[in-house]
Each structure stands twice: as C-alpha cells, then as structure tokens.
1. Relative contact order (percent) for the stretch 96-199, with alpha-carbon contacts under 8 angstrom and 6 or more residues of separation?
2. State the Cα centre-to-centre distance between the stretch 6-60 and the stretch 85-136 in whole Å.
3. Taking all protein chains as present, what is the carbon and sulfur share of the accessible area of the stretch 125-207, in % to the nearest whole number, probe 1.4 Å?
4. Mind telling me which of His200, His64, His83 comes out most flexible in a GNM of the chain, alpha-carbon contacts under 10 Å?
5. Take Arg48 and Ile231, extend 7 Å from each Cα along the Cα→Cβ direction, and tell me the distance between the two endpoints in nm.
6. Grab the beta carbon distance between Glu24 and Arg204, set R0 = 25 Å, and tell me the FRET efficiency rounded to 0.05.
7. Using only the heavy atoms of the protein chains and a 1.4 Å probe, how would Arg30, Arg48 rank by accessible area, largest first?
8. Do you know the relative contact order of the chain, to the nearest whole percent, from alpha carbon pairs under 8 angstrom that are 6+ apart?
Amino acid sequence: MGGKERLQKILAQAGLGSRRACEELIRQGRVTVNGIVARLGSSADPARDAIAVDGKPVQLPGSHTYILLHKPRGVVSTVRDTHGRRTVLDLVPASSRLYPVGRLDLDSEGLMLLTDDGEVALRLTHPRYGQAKEYHVKVRGHPGKETLQRWCEGIVIEGERTLPAEVTVLRREANSTWLRVVLREGRKREIRRVAEALGHPVERLIRLRLGPLKLGNLKPGEWRPLTPGEIAALCRLTEGAQATPLLPSAPSREENPPEDATR
C-alpha cells in the first residue's frame, strides 16, 4: 500500500472491524495519527504515519485470513457472548483478529465468513453493493402463489417495506414447504419476520451462498480456508466495485429441489 487513504479504510484493513465500526472509533476520539486525535474524514499513509487506537499502534497484516464456516444451530455468530454460549470463533483456530461477516441468528445455520479483512466485510454486507445471499428455508404450511408473490414484491413490516426478493418453491412436504430465498439486503431476521407476517413461520433456515462464496459440502461445525479462486473473487469485489442494482421483483415458481434442500 502506498500514499494516503481514508483512515477508516486503513483501520478496516488492519482487522479492527467493518469500515462503519472503524468510523465509530474515529468519532469517539480513540484514533490518533502521529499523536494527534483524528477526525472523521482524515487520511493517512500507513507506510509513513504512526496510527494508533487507544494508544496501541495499528499494523496492517501482510495478508488476510479467510475462513468459510458452516455455522450450526445453537451457536452465536458474534466474537464473544455475555451468556457464555458457544460462538463461531470457538469452532475455528483461535485468532483475536477474526470476526464474523454477515451474522446468522442463534437458530439459523449455514455459511459464514470469518476474516480480518474489513474492506471485504463491507462489500459483502452493505446493501448498496447488492451482494446476493441465498437461503433454503423450511416454512410451516403450504404458501400459495399469491402469498409468494407478495413476498417477492416486498411487504410492509413496522412501517417499512422490504425490498424485492426472489422466492421459489423447492419442495412441498406433508405440513411444510422448502423455499429458496435470495435477498440483496440484510435487515435483521428479515426472512423470519416476513414468513411470520405471511402466516408461514420458519421452521429451519440455512444460508447456502454469500456473494461469490458457496457453502458446498461442509457439514455443521466444519470449516475450511478459502481457495485461491475464492479469495480472488473477494478481491475483485474491492477493486473498483460499483454498487449493484437491487434485485427486481421476480415471480414465484416451483423447481426441482437440490439434494441438500432438507439439510
């Protein structure tokens, strides 16, 4: 890296959190450059300037770490938990620099990325970049065509309309239905809230894809480093990537389920 860059970008690249979280560190006056408290919007050259957070020097790693994890149900997708529950970091080799990208709630499972690359975290999770997130969702009952169309077009929850989604039927069982849901926004518990509002509560939720990353054959609790090809795909996200238009409304349809539809 050479030349000056936005301070929050440097902090994110150093593994101190997402860019938004690093902006908050600057707002709180916890960041200094050459001994002077930085302001939001400040720039620095990490090769020349002494950058510190809470008085501790910031150093950019020589390379980032990327771990793909299949989060099981019952595991918390945070760095630590005040109630003593297992976290995603308990499932991988210990590293104080790693943090989860794109959280899943306690009862959800599937793909999670653990990394110290704040720029990649921003590109994968911020709605303005429109990275697709794909889920297989088991809901109670058999939602009809009109119900699924409402989900595709977006519904109003607590005064806000959800953005368009892609929803397709994978498989109907005796008392439930498996759906494939693709989103490009990340409101908290959105799938569960929409399904509940439409009268078909979620019974199981599995994330299979986050941007260019796919869960593949990993079993719950298993993890692996990203392949060079996957890392290259993530790097392309940060090289002049532009915001992606949000997913247009798509009609619901039925399709043959993949083999992992009921995992």
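1. 26 percent
2. Answer, in whole Å: 23.
3. 43 percent
4. Checking each option, the largest mean-square fluctuation is seen for His83.
5. Here the modelled spin labels are 3.0 nm apart.
6. After rounding, the FRET efficiency stands at 0.10.
7. Arg48, Arg30
8. The normalised contact order for the chain reaches 21 percent.
The values are calculated or read from the model by the stated rules, or taken from the named source; none is laboratory data. In this text the structure is predicted, and so the values were computed from the model without any measurement. Reconstructed Cβ throughout: ideal geometry from the backbone, glycine too, with neighbour counts over all protein chains shown. Just so you know, the surface numbers come from the protein's heavy atoms only, side chains and all, with ligands and any DNA or RNA stripped out. Shrake-Rupley method; radii C 1.70, N 1.55, O 1.52, S 1.80 Å.
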